Amino acid sequence: MSHRTLFIAGNWKMNPASRASAVALAEAVKAGVGADTSVHVAVAPPALFLEAIDKAIDSSPLGLAAQNMHWKADGAYTGEHSAAMLLDAGCTHVILGHSERRHGMGETDAQVNLKLHAALAAGLIPIVCLGELLAEREAGQTESVLQTQLSGSLAGLTPEQMGGVVLAYEPVWAIGTGKVASPEQAQDAHAFIRRTLATQFSPAIAARVVVQYGGSVKADNAHGLLSCPDIDGALVGGASLKADDFLGIIQAAQAVTTHEKARA
Ligand code: PGA
């Protein structure tokens, strides 16, 4: 399989309700992961808790992701946070263009693209989300939707920059619904994304980019998804809010990694 290290990220969304519970969750994930670096792991708490979580995961291999950012460096942007602020709070990663922002808040590919350039310029690792709606899948438009999102969201990146971007394929109909994409459906979409990256950038870059799957990933379906050749990890919502559930997904990724290494 691939030489790409699997990457499991927990998107906590607007949870949990208190800083104390957020710190407890992060500490439990940290304890469960220990010093293992065979799989990359990150958590994405609400912005208000970033600093507290940064302290809680200190001296662990865990990455810290914000769930969104603004593309401007400073100014009159009420309610927003800049890349520099996220770095100052200890972030290593930032999720961009999550479907809840695209479809719930009208975020466009052009805005995601501005954010992406700002994140890369600041040295944050972006996790750019894309994926089709149920109606688009049923109308046979999945590939054209993904193509449009890839060309719009990734516009103007150099191949070098693209090599440092993480993508997350998240079919909108699978997010928070319990309706996970089958490994075949997910693998087909991931393979399409990689073929598109090969044309848009280069085959070598396409082979390097980590593409996570997201949408109702749980400990019991993670192994099937992560065993697919073009699925390089998971962006986990609901199941990242309980340490044991999230650690179960990480263990599935570690098992896939160990198995693939043994076969190599
Ligand atoms: P879910 O969310 O795992 O709860 O479906 C995934 C996501 O929104 O990233």
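The values are calculated or read from the model by the stated rules, or taken from the named source; none is laboratory data. In this text the structure is predicted, and so the values were computed from the model without any measurement. Heads up, the Cβs are rebuilt from the backbone with ideal geometry, glycines too, and the neighbour counts pull from every protein chain shown. These accessible areas exclude ligands, DNA and RNA; they are computed on the full protein's heavy atoms, side chains included. Shrake-Rupley method; radii C 1.70, N 1.55, O 1.52, S 1.80 Å.
Table for the structure above
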quantity: Failed item in (1) on the phi < 0 side of the Ramachandran plot; (2) at pLDDT 95 or above, with Ser216 passing the rest; calculated: (1)
quantity: Subset tally (residues that are in a loop (DSSP other than H, G, I, E, B), over 20 Å from the mean Cα position of the chain (by Cα) and of a type in the set (A, V, I, L, M, F, W, C)) for segment 1-36; calculated: 3
quantity: Candidates Ala239, Ala168 - the one that is open to solvent by less than 10 Å² (accessible area, probe 1.4 Å), within 16 Å of the ligand (Cβ to nearest atom), outside any loop (DSSP other than H, G, I, E, B) and in contact with a Lys or Arg (Cβ under 8 Å, 6 or more places away or on another chain); calculated: Ala239
quantity: Residue list for segment 115-132, restricted to those being in a helix (DSSP H, G or I) and surrounded by fewer than 22 Cβ atoms within 10 Å (Cβ to Cβ); calculated: His117, Ala118, Leu120, Ala121, Ala122
quantity: Leading residue by the ranking (nearest to Leu50 (Cα to Cα)) among those in segment 91-114 that are in a helix (DSSP H, G or I), open to solvent by 10 Å² or more (accessible area, probe 1.4 Å) and not acidic (Asp, Glu); calculated: Arg101
quantity: Pairs, first closer than 10 Å to Ala47 by Cα in segment 78-90, second of a type in the set (Asp, Glu), C-beta under 6 Å, six or more apart; calculated: Ala89/Glu51
quantity: Matching residues, segment 188-211, being of a type in the set (A, V, I, L, M) and open to solvent by less than 40 Å² (accessible area, probe 1.4 Å); calculated: Ala189, Ala191, Ile193, Leu197, Ala198, Ile205, Ala206, Ala207, Val209, Val210, Val211
quantity: Test: Val256 is hydrophobic (A, V, I, L, M, F, W, C) and within 16 Å of the ligand (Cβ to nearest atom); calculated: no
quantity: Any chance Pro229 is under 22 Å from Leu114 (Cα atoms) and either within 16 Å of the ligand (Cβ to nearest atom) or not aromatic (Phe, Trp, Tyr) (or both); calculated: no
quantity: All positions within segment 174-186 that are more than 10 Å from the ligand (Cβ to nearest atom) and of a type outside the set (S, T, N, Q); calculated: Ala181, Pro183, Glu184, Ala186
quantity: Lys261 vs. criteria modelled with pLDDT under 95, over 18 Å from the mean Cα position of the chain (by Cα), on the phi < 0 side of the Ramachandran plot and within 16 Å of the ligand (Cβ to nearest atom); calculated: no
